[in-house]
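Enquirer: Let me give you the structure first, and then I'll get to my questions.
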Protein chains: 2
Amino acid sequence: MKASKNIKTQNYTDRCPLLYVMELIGSKWKLPILWCLNDEDGLHYNELKRRVHGVTNTMLTKCLRELEERGLVSRHSRGSVPPSVTYHLREDGRSLMPALEGLCRWGMDYLKKHEEGGGTCEDKG
Amino acid sequence: MKASKNIKTQNYTDRCPLLYVMELIGSKWKLPILWCLNDEDGLHYNELKRRVHGVTNTMLTKCLRELEERGLVSRHSRGSVPPSVTYHLREDGRSLMPALEGLCRWGMDYLKKHEEGGGTCEDKG
DNA sequence: CAGAATCCAACTGGATACTG
DNA sequence: CAGTATCCAGTTGGATTCTG
């Protein structure tokens, strides 16, 4: 109760850190990318692409650029031919993962309650 | 570390509770609406509209319907003329608020670090 | 290998007007 | 009062092709 009160008094007007974060990680591939890098730090572009299943070049590059700009991941190029570029999670990116735990827990809890006899996570066809 | 490891092993494949939640509350007005209802439970449509500043009828109605479907808010109509409809936060909606605290904290922390001399929250013009 | 460039479809959300 | 209906613009993301 106190916690939630704290949240809403801080936020629900405008310029709110929570909405900022939502915008930061709200696009389709950001979280999957971060998870992969958190899972195994220092991945090459194509390794990443293989793990973030379904992502396209366009989107992967775009997301990585944005995450880099925001300081969540870092890009290291060897500048050789053929090119070799690895992506790493920076501290801000890493610290984001545990920050998501509350939400994740809520989600698991919610799904458990609402799909008592169903599958695991069927949101939309 | 353990927490974050826990998260990624559970998730980054497909059907993931966290992505589910993100979809649930990811649209533009959902969180502001929930905050308002958390702030003062039992608001009329137009009260809500006044508090969620900037929202349009179309969007407010759409969001409320979706939140209602998902069981986060409840709708009570007196069925009179003129109509009187109040919206309440249900338990699932209320429990979501503290679950957001981790993210919110991370956001405040992040903003503090990244705008040492700047304003409070300038994301985009 | 690690992208960039281009084009396009779908979705999101806003503006406006109308209604029982 | 509490919406609904319609239309429209901007954004998101996918498909495809090309390159040093």
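Enquirer: Between copies, how close do the A:N46 label points come, placed 7 Å along Cα→Cβ, listed in nm from shortest?
Expert: Output for A:N46: 6.3 nm, nearest copy listed first.
Enquirer: To continue, here is another question. Pull up all non-local amide H partners of B:L43: gap of 5 or more, or a different chain, and H-to-H distance under 5 Å with H placed in the peptide plane.
Expert: Amide H neighbours of B:L43, under 5 Å, 5+ apart: B:Y87.
Enquirer: Using a label point 7 angstrom from Cα along Cα-to-C-beta, what distances in nm, from shortest up, separate A:S95 from the other copies?
Expert: 3.0
Enquirer: Between A and B, which A residue has the Cβ nearest their rotation axis, distance in Å?
Expert: Chain A residue with minimal Cβ-axis distance: A:G102, 2.
Enquirer: Taking 8 Å as the Cα distance limit and 6 or more residues as the minimum spacing, I'd like the relative contact order of the stretch A:28-124 as a percentage.
Expert: The value is 26 percent.
Enquirer: Let me ask you something else. Skipping prolines and chain starts, which residues have an amide H placed within reach, meaning under 5 Å, of the one on B:V73, given they are 5 or more residues away or on another chain?
Expert: Counting only residues 5 or more places away or on other chains, the set is B:E68, B:R90.
Enquirer: Follow-up question, since we're still on this one. If each Cα of the stretch B:28-124 is one equal point scatterer, what is log10 of I(q)/I(0) from the Debye formula at q = 0.13, 0.16, 0.21 Å⁻¹?
Expert: Results for the stretch B:28-124 at q = 0.13, 0.16, 0.21 Å⁻¹ read -0.54, -0.74, -1.05.
Enquirer: Next question. Please identify the GluC sites (Glu not before Pro) of the stretch A:19-125 that satisfy two criteria: DSSP loop assignment and at most 16 other Cβ atoms within 10 Å. Which are they? Working shown, then result.
Expert: Numbers: sites: A:E23, A:E40, A:E47, A:E66, A:E68, A:E69, A:E91, A:E101, A:E115, A:E116, A:E122; in loops: A:E40, A:E115, A:E116, A:E122.
Hits after loop and neighbour filter: A:E40, A:E115, A:E116, A:E122.
Enquirer: In Å², rounded to the nearest 100, what is the total accessible surface buried by chains B and A against each other with a 1.4 Å probe? Write down the numbers at each step before the final one.
Expert: Values: alone 9530 and 9560 Å², together 13850 Å².
What B and A bury together is about 5200 Å².
The values are calculated or read from the model by the stated rules, or taken from the named source; none is laboratory data. Everything numeric in this text was worked out from a predicted model, so none of it was measured. Positions of Cβ are generated from backbone atoms using ideal geometry, with glycine treated the same way; all protein chains shown enter the neighbour counts. Protein only, heavy atoms only, side chains kept; ligands, DNA and RNA dropped before computing areas. Shrake-Rupley method; radii C 1.70, N 1.55, O 1.52, S 1.80 Å.
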